[in-house]
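Here the structure comes first, spelled out in structure tokens, and everything after it is commentary.
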Amino acid sequence: MTGARRRIVITGGTSGIGLELVRRLSGRHDILVAGRREDADALPVLPDGVRYVHAPLTDPEAATQAIAEAILKAGWVKLDNLVLNAGTGFAVDGGIETAGQIRDTLAVNLTASALLARALFPWLDKAGGTLTFVGSVAYKGQGLFPAYAASKAGLHGLARALRAEWAGRVAVQVVHPGPTRTEMHQKAGHDPGRLRTIFIPAYSMAAMLEGVIAARRSPVTLSFGRYWTGGAAWSGRL
Ligand SMILES: NC(=O)c1ccc[n+]([C@@H]2O[C@H](COP(=O)([O-])OP(=O)(O)OC[C@H]3O[C@@H](n4cnc5c(N)ncnc54)[C@H](OP(=O)(O)O)[C@@H]3O)[C@@H](O)[C@H]2O)c1
């Protein structure tokens with residue numbers, strides 16, 4: 001299938017790693033981005049020809065319905081790739097997030113991912129497609145972001161379970177990026193300081209992510225080792 005035009009849904013494609021992935025893929029493939037922004041704020045940042053659906057994942061059921069309806073409206077009867085990249089988190093010192101922060105983190109990162117996987121399975125199944133969960137190296141547990149770490153650990157388990165359940169029909173993978181230079185830390189209320197300068201550029205992370213999606217392997221960690229050995233340059237293409 002490499003080289004063939006694909007139909008791809010990407011969540012969280014309006015900034016950071018997701019936007020860089022959209023930029024890489026949009027000329028060669030048909031892309032539907034789902035995001036939390038209103039159309040007027042999202043469309044100007046997206047490349048021409050990319051479809052957009054407003055689907056805030058803090059309400060996972062409503063967002064899943066909106067995304068399914070957008071796929072139907074586009075006339076897509078099958079889906080080659082679903083990239084569940086949207087993510088959120090809140091930095092807290094010396095404890096755990098508030099109830100609202102925990103609820104939003106789990107809703108966006110985990111519940112919405114499970115509901116979207118379930119709802120879009122029939123489209124992926126028709127294409128023999130690939131479902132990609134974007135996790136984090138934080139899934140092993142990390143101070144400052146306890147609920148975020150828990151949500152990413154949940155994605156890891158969900159991906160392993162679905163990979164077994166859907167083997168031979170839909171390839172399921174979880175990909176764990178390492179520290180990447182995006183606005184995510186600022187949005188989470190965390191300043192990584194000078195460390196930020198060594199974080200992996202978002203366009204390089206997107207290049208490595210595209211290669212892993214094409215290879216359909218799981219689980220995969222995309223961190224400094226791969227980046228420093230030229231991983232963004234030798235990654236494969238979808
Ligand atoms: N940056 C890192 O160091 C790092 C490391 C490991 C894993 N990751 C993971 O990589 C993925 C992409 O993150 P990023 O670094 O590219 O951060 P980012 O630039 O903040 O991108 C996150 C995306 O998710 C969207 N989003 C956030 N809350 C949402 C909601 N309630 N409903 C719908 N969409 C929502 C954001 O929308 P807006 O554009 O409107 O903000 C944005 O498009 C995330 O899953 C993150 O956990 C990042």
Residue tally, condition at pLDDT 95 or above, more than 14 Å from the ligand (Cβ to nearest atom) and either assigned to a helix (DSSP H, G or I) or open to solvent by 10 Å² or more (accessible area, probe 1.4 Å) (or both), over region 114-145: 13
Number of positions in region 190-236 that are open to solvent by 40 Å² or more (accessible area, probe 1.4 Å), outside any helix (DSSP H, G or I), at pLDDT 95 or above and not β-branched (V, I, T): 3
Residue in region 76-90 that is nearest to P146 (Cα to Cα), counting only those that are open to solvent by less than 20 Å² (accessible area, probe 1.4 Å) and more than 7 Å from the ligand (Cβ to nearest atom): L84
Matching residues in region 102-113 - criterion: being within 12 Å of the ligand (Cβ to nearest atom), open to solvent by 40 Å² or more (accessible area, probe 1.4 Å) and in contact with a helix residue (DSSP H, G or I) (Cβ under 8 Å, 6 or more places away or on another chain): L106, L110, T111
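Give the residues of region 32-53 that are open to solvent by 40 Å² or more (accessible area, probe 1.4 Å) and assigned to a strand (DSSP E or B), sorted by residue number. Spell out how you get there, then give the answer.
As a first pass, look at region 32-53 and keep what is open to solvent by 40 Å² or more (accessible area, probe 1.4 Å): 36-41, 43-45, 48-49, 51.
Listed by number, the list holds a single entry, R51.
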Close pairs (6 angstrom Cβ cut-off, 6 or more residues apart or separate chains): closer than 24 Å to V77 by Cα and touching a residue at least 60 places away in the same chain (Cβ under 8 Å) in region 26-51, away from the ligand (no atom under 11 Å from the Cβ) and open to solvent by 60 Å² or more (accessible area, probe 1.4 Å) anywhere: H29/R5
Sole residue being closer than 18 Å to L144 by Cβ and not in a loop (DSSP other than H, G, I, E, B), chosen from Q65, Q101: Q101
Extreme residue, surrounded by the most Cβ atoms within 10 Å (Cβ to Cβ), among residues of region 5-25 that are outside any helix (DSSP H, G or I) and free of Cβ contacts under 8 Å to residues at least 60 places away in the same chain: T14
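The values are calculated or read from the model by the stated rules, or taken from the named source; none is laboratory data. Values in this document were obtained by computation on a predicted structure and should not be read as measured data. For neighbour counting, all protein chains shown are included, and Cβ atoms are generated from backbone atoms with ideal geometry for every residue, glycine included. For the accessible areas, the whole protein counts, side chains as well, though only heavy atoms, and no ligand, DNA or RNA atoms are used. Shrake-Rupley method; radii C 1.70, N 1.55, O 1.52, S 1.80 Å.
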